[in-house]
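To start, the structure itself, in structure tokens.
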Amino acid sequence: MSEADLIRSARFRKEREAGWQRLEALVARAERDGLQRMEFAEARDLAALYRQATTSLAIAREISLDKGLLNYLEALTARAYLSVYAPQERLGGLFRKFFTQGAPQAMRRSWLFIAIGFLCMGLGVLAGYQLFLENSAWYHVFMPPELAGGRGPSSTTEELRRVIYDEDPSASGLGAFATTLFSHNTRIAIFVFGLGVFLCAPAILLTFYNGLMLGAFYALHAERGLGADLGGWLSIHGVTEISAICIACGGGLQLGAAVLFPGSRTRSRALYHAGRDAAKLALVAAVMLIAAALLEGFGRQLIQDITARYALGWGIGLCWLAWFVLGGRVRQ
Amino acid sequence: MKLRWRRNTKPKPPAGELVPPEGVPLKLEVAGLGVRLAAQITDIFLTLIAAICLLILVASLGFSAPETLTAIGSLMFFIIRVPYYVMAELAWNGQTLGKRLMKIKVISHDGKSLSTHALVLRNLMKEAEIFLPATLLLSLDAASPLASGLALGWIAAGLMVPLCNRHRQRLGDLMAGTHVIHQPVPVLLKDLAAQPVRPRAKQDGFVFLAHQLDHYGAFELQTLETLLHAQETGPGKSPRRNQGATIEAVVEKIRQKTGYANRVPAARRLEFLRAFYNAQRAHLEQRQLFGERRKDKHYATDDSQL
């Protein structure tokens, strides 16, 4: 039987079939072992054969009516495409790149949204403080009872002081770390970020409300002359934690702004673009929250001196700031 | 400024199509919600088991008081879960263990390779979309129906998003520019035209004239191909007699339609069909080369209507 007896598309298939089968074997190997473990010649052949197969597919669509062949080529090229264009990055390099470049650059790019986040929180604190001074009954409106831990306008100054300086030492360690991480503030941060997509409003409201609570809480202590002491107690982890909430708020706002004002793009396209930085902000906030939980779980009971508390809290705050401002700058 | 929905007037490519950098569109079938849910449940089970093992380890080492065990447990689940999805999808090119089991895969919407950013984003949003409201729902009791309703509504809204677009993208997929596909399986069937049914002697074989081949299009040809492949691979599957009847009916139909005068003896029916397939395919492919695609047997009426 000579070649010329065959119809054109059958000859086309016969000439190329060996290459396709080799590609199929290479793809199976690439999927099982990964491209990194393949030999140079194999990896080179995979890429070359994949390109040949796409050409074959394009031709076959034009000249062949063999459904079996068309289905096979469709599936084979799709499979080969997926393994040729697999992500090639290494995990270690990713972490380094995120911490040295990606995160600080994203923070600087979206400074406006983060500033709005801090502004919401700050206004909340101010409003809460003023409202409490006007009428201390506001405290019960803002503060959920389980968060106050029994502290309120009715408790004595001595009780308040005891909570700040002399906590039950048994509540420290891993258990405290876990409970504080899943406590109020982390939940707020996740909410604030996730709800930002819904047109910004929930994120702004939640951050503001969080500020209100903080303001009222501070006013309660400031009225008794414990303002500075509470500042120390809060700042050891609060500087990190509250900044994390504001940054998460910034990320959420960025997403919400993309939905509200997509500009010349479509909304989903705008969301995709905004997501690039917003995801990094969320990761930064997560890192900061974990650091804050560590500080709260271990640091707050160990360090009782007020100046040391201030120094540690704000020193770590400065470190964050230095990372955001100085990290990832490219020298010209 | 007029407020109205922007309508995209450009015709969109079909949902299951993706254009790789080589420029030849590939068909990649979009995975449905059921199979994705199954993969998700598998993954949750796996991570949950890992978290429980770790929790038992921590508890047996006596690091913690029993009352904080729930908090530590949820922390373990969280700490294992979040990196698991990202790392697995990075290492296995868009597949977690559950997705591997279900043979589905995450791919990038624009035809380029999956970026780390996309994988991190789609899996972080999974936290916000599914796990957060789910934990809320589980931790809330019947005493706060409003909050439970809110959490339920949140989950429902999150699940509605994939139903509203063609690529079945979650909110996280939309942001990351990814979607989930069925992994295609390449199976190479034998080429029916690889062995030409050549007459040993001229009067012995089946010969079709050009006008006899003008009745059918590509659809009929490919249906015949499927039938012939089924004859080859699995003759034992259906009762023998029934199959013979089908073949006979097909042969008679083709003879009637094409006006093939000679009777076909029962023993040579398959041979006749193969010969007809070869001749028809050669004819149609030749027409196609000249720019005339015959989609099915109604091609002539389609032309006259246009």
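Can you compute the FRET efficiency between residue A:290 and residue A:32 using 1/(1 + (r/R0)^6), with r the Cβ-Cβ distance and R0 = 30 Å? Round to the nearest 0.05.
Computed FRET efficiency for residue A:290 and residue A:32 comes out at 0.25.
Once you place label points 7 Å from the Cα toward the Cβ at residue A:136 and residue B:79, how far apart are they in nm?
That separation, rounded to one decimal, is 4.2 nm.
With charges only on Cβ, +1 for K and R and -1 for D and E, what is the dipole size of region A:92-326 about its Cα centre, in debye, rounded to 20?
The calculated dipole for region A:92-326 is roughly 1320 debye.
On the accessible surface of the protein assembly as shown, probed at 1.4 Å, how many percent belong to carbon and sulfur atoms?
Carbon and sulfur atoms account for 63 percent of the accessible area of the protein assembly as shown.
What does the extension gain come out to for residue B:69 and residue B:41, with contour length at 0.36 nm per residue minus their alpha carbon separation?
Stretched out fully, the residue B:69 to residue B:41 stretch lengthens by 7.7 nm.
D for chain A, whole µm²/s, Stokes-Einstein with Kirkwood Rh over alpha-carbon pairs at 25 °C and 0.890 mPa s: what number?
Approximately 101 µm²/s, per Stokes-Einstein.
Take region A:218-296, drop everything but the C-alpha atoms, weight them equally and run the Debye formula without solvent; then report log10 I(q)/I(0) at 0.24 Å⁻¹ to two decimals.
Here log10 of I(q) over I(0) equals -0.97.
Dimensions of the protein assembly as shown along principal axes (Cα, Å, largest first)?
Between the extreme Cα coordinates on each principal axis of the protein assembly as shown lie 116, 63, 61 Å.
Using a simple spin-label model with points 7 Å from Cα along the Cα→Cβ vector, what separation in nm is obtained for residue A:99 and residue B:161?
The modelled label-to-label distance comes out at 3.0 nm.
If A:221, B:283, B:298 are ordered by their accessible area, calculated over protein heavy atoms with a 1.4 Å probe, which sequence runs from highest to lowest? Don't skip to the end; give the middle numbers.
On the way: A:221 0, B:283 30, B:298 100 Å².
In descending accessible area the options line up as B:298, B:283, A:221.
What are the membrane-span-like helices in chain A by this rule: whole DSSP H runs, Cα extent along the axis at least 18 Å, mean Kyte-Doolittle hydropathy at least -0.5?
Answer set is A:40-63, A:67-84, A:111-134, A:201-223, A:227-260, A:267-294, A:306-326.
Starting from the alpha-carbon convex hull of region A:3-84, give the projected area averaged over all orientations, in nm².
5.3
Select from A:276, A:109, A:51 the residue whose mean-square fluctuation is largest in a Gaussian network model of chain A (Cα-Cα springs shorter than 10 Å).
Ranking A:276, A:109, A:51 by mean-square fluctuation puts A:51 first.
Apply 1/(1 + (r/R0)^6) to the Cβ-Cβ distance of residue B:17 and residue A:162, taking R0 = 51 Å, and write down the FRET efficiency to the nearest 0.05.
0.15
Leaving out ligands and nucleic acids, note down the accessible area per residue over region A:3-84 with a 1.4 angstrom probe, in whole Å². Write out the running numbers ahead of the final one.
On the way: 3710 Å² over 82 residues.
Accessible area per residue: 45 Å².
Which three extents, in angstrom, do the Cα atoms of region B:17-182 have along their principal axes, listed largest first?
61, 39, 24
Which Cα, out of A:238, A:253, A:209, lies furthest along the positive dipole direction of chain A (beta carbon charges, K/R +1, D/E -1)?
Positive-end residue among those listed: A:253.
Determine, from the Cβ-Cβ distance of residue B:91 and residue B:263 and an R0 of 56 Å, the FRET efficiency 1/(1 + (r/R0)^6), rounded to the nearest 0.05.
Efficiency for this residue pair is about 0.30.
Give me the percent relative contact order of region A:3-84, please, defined on Cα pairs under 8 angstrom at least 6 residues apart.
37
Please state the relative contact order of chain A as a whole percent: Cα pairs under 8 Å, 6+ residues apart?
23
Among A:266, A:157, A:77, whose mean-square fluctuation peaks in a Gaussian network model of chain A (Cα, cutoff 10 Å)?
A:77
The values are calculated or read from the model by the stated rules, or taken from the named source; none is laboratory data. Quick caveat: nothing in here was measured; it's all calculated off a predicted structure. Neighbour counts are summed over all protein chains in view; Cβ atoms, including those assigned to glycine, are modelled from backbone coordinates with ideal geometry. Surface areas here come from the heavy atoms of the whole protein model, side chains and all, with no ligands, DNA or RNA. Shrake-Rupley method; radii C 1.70, N 1.55, O 1.52, S 1.80 Å.
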